[in-house]
1. Residue-wise, which Karplus ³J(HN,Hα) couplings in Hz belong to the range 292-302, taking 6.51 cos²θ - 1.76 cosθ + 1.60, θ = phi - 60°, and x for glycine or proline?
2. How large is the Rg to Rh ratio of the range 87-176 when both quantities use alpha carbon positions and Rh follows Kirkwood?
3. Return an integer: the convex hull volume of the alpha-carbon atoms of the range 36-123, in Å³ per residue.
4. Treat each spin label as a single point 7 Å out from the Cα along the C-beta direction, and report the Glu335 to Lys403 distance in nm.
5. Rounded, prolate or oblate: which fits the range 42-92 when a ≥ b ≥ c are the square roots of the eigenvalues of the alpha-carbon gyration tensor, with rounded for a/c under 1.5 and prolate only if a/b beats b/c?
6. Taking only the Cα atoms of the range 121-240, how large is their convex hull per residue, in Å³?
7. Evaluate the range 382-432: find the radius of gyration of its Cα atoms, find its Kirkwood radius, and give the ratio Rg to Rh.
8. Mind jotting down a quarter of the surface of the convex hull over the alpha carbons of the range 275-432, in square nanometres, one decimal?
Amino acid sequence: MYRYIFLALLLVNFSACVVKTSSFSSPYVLDTKQQSLDFKLLEAITYNEMGEALKSRDMFLELLAEYKDKKLIENAFMISIFNNLDKKDELYELAKPYFDQSPDLVRLGVLYHIQKQDTKSAEKLLKELILRDKDFRNYELLGDIYAQNRQFAISLQNYYLAKKYLKEELDPNENLSLKIANNELILGQKQNAKKELESFVSKAGCSLKICSLLANMYNELGEKEKLQNLLFKLYKLTQNKVYLDNSVRLLYQDKKYQEALNLTLAYKLDENFAFSLFSALKKDQEAYRFALKLYAKTKNKRFLLIAATIEFELALKAKKVDEKVLKSVIAKFEEGIDETSEALFLNYYGYLLIDYDKDIQKGIELVQRALKLENNNLFFIDSLAWGYYKQNQCQKAWELILKTMHDKEFIDSAESKAHIKAIQKCLQEEKK
C-alpha cells in the first residue's frame with residue numbers, strides 16, 4: 001500500500017519541483033505601446049487555462065520568433081513537457097543556451113530527459129545546477145530520479161537535503177514530507193516515517209494525504225489512542241463520517257461501549273451498529289425506545305421489526321410472555337413484515353407464531369420464505385421442523401432435523417435438544 005502511494009506521488013509531483021507557481025511568466029511591462037503584444041500574451045495564457053495547450057504553446061512560439069526571450073521559451077517548453085506535445089527536442093535546443101541563466105529551464109530540461117527515459121542526462125543536469133543553486137526543488141527532483149531508479153536510500157538523502165534548503169515560508173511541504181515518509185517505509189524505517197508525518201501535523205495540522213497515511217501507520221503499530229484522535233481530525237477536515245464510523249469500531253474493539261454509543265448517537269452514525277452497542281451495554285430498554293424513535297422518524301419498517309424483537313426478548317428474559325405481550329409484539333410484526341423483509345425477521349416471527357400456537361400455518365409459510373433467502377440456515381431449518389411437528393407431521397419434521405445433525409454445537413443447544421426429543425417421541429408414538 002505504501003509503495004503504491006509513493007509511486008503515485010512520484011508521478012504527480014514532478015511538475016511541482018520545476019517552477020515556483022503554475023502561472024506563466026511575462027518579461028514585459030504593460031504599457032500602451034505594447035497593447036498588441038500584451039493581448040497575444042493574455043490570449044496564449046487563456047488558451048492554456050481553457051485546456052487548449054497546443055494553441056497556447058504555438059502562440060508562445062510565434063512570440064518567441066519575434067521577441068527572442070528566455071521567458072517565452074520557458075512557457076512554450078513547460079506547456080510542451082506537461083502536456084506531452086511535439087517540438088520538445090526543438091525547444092530543448094532553444095533552452096540550452098539559457099541554462100546558466102534560468103534554473104527553471106534547467107529543471108524543464110531535466111523533465112525532458114526523464115520523458116525520454118534518459119535519467120543519466122537528467123541526473124547530470126541537476127548535479128551541475130546544484131553546484132550553483134541550492135533551491136530545494138533541485139534536491140527534490142534529484143530524489144525523484146533516484147526513487148524512479150529504485151535507489152531509495154540515495155533518494156531519501158536528497159529529500160532530506162531538499163527539506164534542509166526549504167524556505168521558512170514553505171515549511172512544511174506536504175509533497176516532500178510524503179516522499180520522505182514513503183521512502184522511510186520502503187526502507188523499513190517505520191518510526192522515522194511516523195516522526196516525519198507527525199512533524200508535519202504539528203506544524204501545519206492535518207492534510208488528507210498526510211493524516212490518511214499516518215492513520216494507516218497508527219493502525220498497524222497498534223497506537224489506538226493516537227489513531228482515535230487522528231480519525232476525529234480527519235472527520236473535521238473532510239466531514240466524512242466514515243472516519244467516525246472507524247473510530248466507533250475501534251472503541252468497540254476496546255470494549256469502550258459507552259464511548260462508542262455516545263459518539264454514534266451524537267453524530268447520527270450507523271443506527272444498526274448502535275443496536276450492537278446497546279446490546280453490549282445490556283441497555284435493552286433504551287434500544288427498544290431508540291428503535292421506536294427511528295421508526296417514527298423514518299418509517300423504515302426494519303426499525304419496527306427490531307423493536308418487536310427486543311420487546312419479545314425483554315419479556316422472555318423476565319419470564320413475562322403473556323397474551324398482552326404477544327398481542328403487542330404480533331401487531332408490530334404484522335405492520336412491519338412485507339415482501340422486502342429480511343430472513344432473520346421472517347424466521348423470528350414465523351417461529352413465534354409456531355411456538356405459541358398463534359398461527360402455525362402462517363408461521364411455516366414465513367419460515368419457508370426465510371429459507372428461500374438462506375436455505376442452509378440451521379436455525380430456520382429447525383423452525384420449520386418445529387412447525388411440522390406442531391402439525392403432527394413428525395416424519396417430515398425428523399427429515400429436516402437430520403439436516404442439522406452435522407453441527408454438534410447447534411444440536412447441543414438446549415432448544416435443539418428439546419425439539420429433537422419431542423420429535424423422536426412423536427415418531428415413536430406414530431409407530432405404536
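Each value in this text was obtained by applying a stated rule to the coordinates, not by laboratory testing. In this text, all values refer to a predicted model and were calculated from it rather than measured experimentally. Quick reminder, even Gly has a Cβ in these numbers, built from the backbone with ideal geometry, and neighbours come from all protein chains shown.
1. Once rounded to whole Hz, the list reads 5, 5, 5, 5, 4, 7, 9, 6, 7, 5, 4.
2. Details: Rg = 13.2 Å, Rh = 13.4 Å.
With Rh from the inverse mean 1/r over Cα pairs, Rg/Rh is 0.98.
3. Working: hull volume 7.5 nm³, N = 88.
Hull volume over Cα atoms, normalised by residue count, gives 85 Å³.
4. 3.4
5. Values: a/c = 1.96, a/b = 1.13, b/c = 1.74.
Verdict is oblate for the range 42-92.
6. Dividing the Cα hull volume of the range 121-240 by its residue count gives 103 Å³.
7. Numbers: Rg = 10.3 Å, Rh = 10.7 Å.
We get a ratio of 0.96 for the range 382-432.
8. On the way: hull surface 40.2 nm².
Orientation-averaged projected area of the Cα hull: 10.0 nm².
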